[in-house]
Amino acid sequence: MVHLRTDIGGTHPHVSEPNDSYAKELDTEVLIVGAGFGGVYLLHKLRELGFQCKIYEAGKELGGIWHWNCYPGARVDTMVPIYEYSIEKVWKGWTWSERYPGFAELRKYFEHVENVLDVKKDVAFETRVVSAQFDKPSSRWIVKTEDGRTARAKYFILATGFAAKRYFPDWKGLENFKGEMHHSSFWPEGGVDVKGKRVAVVGTGSTGVQIAQETAKEAASVTVFQRTPNLALPMRQGKLTKEEQEMRKKEYPEIYKHRMTTFAGFQYDFAQKNTFDDSPEEREKFYEKLWENGGFEFWLANYKDLLFDMKANEQAYNFWAKKTRARISDPVKRDILAPLTPPHAWGTKRPSLEQDYYERMDEPQNEVVDIKKTPIVEVTETGIKTTDGKLREFDVIALATGFDSVTGGMKNMGLKDVDGVELSEKWKMGTWSYLGMACSGFPNMFFLYGAQGPTAFSNGPSCVECQGDWIVDAMAKLREQGIKYIDATREAEEEWRRKITEISDKTLFPGTSSWYMGANVPGKPREQLSYAGGVPLYEKECREALDNGFAGFITA
């Protein structure tokens, strides 16, 4: 098993000049945890308003998930320019090479962001937070790092992202395997040589699909261990030229304004009609158009009752199955990868975007194992054994077993409330927040792209900018009004949780065991972890709280 280095030395060679962010005793107005899309956006916006800010980042570079993700085929599933900052001085000087960029290009994008926004001078890399608590007497957050440093800050903001804590299955013998084994988020920087090797991919979320699709180009064979089929959609990847992007840039301000008016912060939205408003012929034509456009259009630009009405949902599933099954010649694989009976309501698990996943899996040397029928019982020195007694031997095992998503990162950093109770304890039986950005008992603390925000149902940068702007505006208002202390009330949390559940219960999401519902991690409470009412409604709710004199908060 490969682990990331967590031994942090006193020198930080990648920092070329003295950087007080690494001070043994750091005193700052705002401390942000995480240097991905959210943390960098907040730092930039708050610095513009004259706030003194620092970021603590566990990784060695900016980019968040794109710093950690370097597994084969890792790429974003949102098209550019929707998947980037709306900050004009950033997009003005940047162009992409393809519609859905891979991790290497996204890392280059963050280098460009650094060149334009000069972020790193206020970042301490390789800095892992192990405890944080608000100290009442001094009205400061006291934050400790793994290597013994302490920071004191008036405001504490968590931008740890929704996939910050890896999930490992508890199979017997995991440590016995003699070949190479890596969790997708611990993939070695230099990659893994799979040429001519037997590869196992465990898990079929987006990551599993991407790894299988990519490694199948070179490996002798790829065996996918699938619990639930991924109801993946065609990506329709394409090259982009610099010229066409430059031509289009005059539309960017409008594009960025428009994305905030759509349900998921994309460039398109649900059709304003229901599935059965159309005749079967019209419906087929409409589905066909969405399918051809590719990306998430078949999911998020479909009929508006798709995620509410089971009969409507079945129509979409049948079309998906027909299209997908036509691409798989092996009848056994066809039934495992695209069964005629829906494994769950279509779109209630995040579909992956694929390029040639089904064709690759259809190749005779590759195998798909249905581990619902024959579960994995143990990992041996040479491979993986299933309940039917079969041992399949491998040279490389890729664990695409996902994350303790949405809440895992925040529960994993020694965060305590004013009375010393760990957040992990408070959230043991379920998640409570107010507006998906604040927690009762954690004064002057905000978080974004986490629990009970639009997180899982939105384009990342759209969600980050929506919540980031609210946090920045709230902090500016606190400063303006001379408010030193703000804390969400327990009643406001209860009401927000009720709202989250009520919206979710009108949809088909609760009927599916997914990471959306916390169901991918044994023992985790089953609950809706994201706000399913869409970005515009979410923003309206949050703005009302701000405009009504910090409704739902205690201030002093």
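Treat every Asp and Glu Cβ in the stretch 196-328 as -1 and every Lys and Arg Cβ as +1, leave all other atoms uncharged, and give the resulting dipole magnitude about the Cα centre to the nearest 20 debye.
Once rounded to the nearest 20, the dipole reads 600 debye.
To the nearest 10 degrees, how steep is helix 280-293 against the longest Cα principal axis of the chain, on a 0 to 90 scale?
Computed tilt is about 60 degrees.
Just to be sure I understand the model, the point goes 7 Å from the Cα along the line to the Cβ. What's the resulting E381 to E111 distance in nm?
A separation of 4.4 nm, rounded to one decimal place.
Can you give me the Cα centroid spacing of the stretch 242-263 and the stretch 461-487 in angstrom?
The two parts, judged by their Cα centres, are 26 Å apart.
Quick one: which residues, 5 or more positions from V130 or on another chain, have an amide H under 5 Å from its amide H? H modelled 1.01 Å from N in the peptide plane, none for Pro or chain starts.
K144, T145, E146
Rounded to the nearest 5, what % of DSSP beta bridges with both residues in the chain are antiparallel?
The antiparallel proportion sits near 40 percent.
What is the helix-to-structure angle for 460-480, meaning the angle in degrees between its Cα long axis and the longest Cα principal axis of the chain, kept from 0 to 90 and rounded to the nearest 10?
The two axes meet at around 10 degrees.
Please list, ordered by chain and number, the residues whose modelled amide H lies under 5 Å from the amide H of T386; skip anything fewer than 5 residues away on the same chain.
V377, R392
Please report, in debye to the nearest 20, how large the charge dipole of the chain is about its Cα centre when each Lys and Arg carries +1 at its beta carbon and each Asp and Glu carries -1 there.
Approximately 400 debye in magnitude.
Run lengths n ≥ 4 of DSSP H only: what is the helix-derived mean residue ellipticity at 222 nm for the chain, with -39500 (n - 2.57) per run over all residues, to the nearest 500?
Computed ellipticity for the chain at 222 nm equals -8500 deg cm²/dmol.
Roughly how many whole Å is it from the C-alpha centroid of the stretch 90-161 to that of the stretch 193-210?
Each part reduced to its Cα centre gives a spacing of 31 Å.
Averaging sequence separations of C-alpha pairs under 8 Å and six or more residues apart, then dividing by the length of the chain, give the relative contact order as a whole percent.
With pairs under 8 Å counted, the relative contact order is 19 percent.
How much net charge surrounds L233 when only the other residues with a Cβ under 11 Å from the Cβ of L233 are counted, with Lys and Arg +1 and Asp and Glu -1?
Here the count lands on 0.
Among C463, A326, Q481, pick out the residue whose Cα is farthest towards the positive end of the charge dipole of the chain, where Lys and Arg carry +1 and Asp and Glu carry -1 on C-beta, about the Cα centre.
With unit charges placed on the Cβ atoms, the residue in question is A326.
Can you tell me the orientation of helix 310-325 relative to the chain, as the angle in degrees between its alpha-carbon axis and the longest Cα principal axis, to the nearest 10?
Taking the Cα atoms of the chain, the angle to 310-325 is about 60 degrees.
To the nearest 20 Debye, how big is the dipole of the stretch 326-441 about its Cα centre, given +1 on the beta carbon of each Lys and Arg and -1 on that of each Asp and Glu?
440 debye
Calculate, in nm to one decimal, what I142 and K242 gain on full extension: separation in residues at 0.36 nm each, minus their alpha carbon distance.
Between I142 and K242, full extension yields an extra 31.3 nm.
Quick one: which of K217/K372; K285/K322; K89/K484; K144/K477; K172/K349; K60/K411 span more than 25 angstrom between C-alpha atoms?
The pairs that break the limit, which is 25 Å between Cα atoms, are K217/K372; K89/K484; K144/K477; K172/K349.
Does the stretch 411-556 come out rounded, prolate or oblate, given a ≥ b ≥ c as the square roots of the eigenvalues of its C-alpha gyration tensor, rounded meaning a/c under 1.5 and, failing that, prolate meaning a/b above b/c?
oblate
Which Cα, out of Q365, G161, P443, lies furthest along the positive dipole direction of the chain (beta carbon charges, K/R +1, D/E -1)?
Q365
Read-outs throughout are calculated quantities, based only on the coordinates presented, and are distinct from any laboratory measurement. Just so we're clear, the structure is a prediction, and the values are computed from it rather than from any experiment. Positions of Cβ are backbone-derived with ideal geometry, glycine not excepted, and every protein chain shown enters the neighbour counts.
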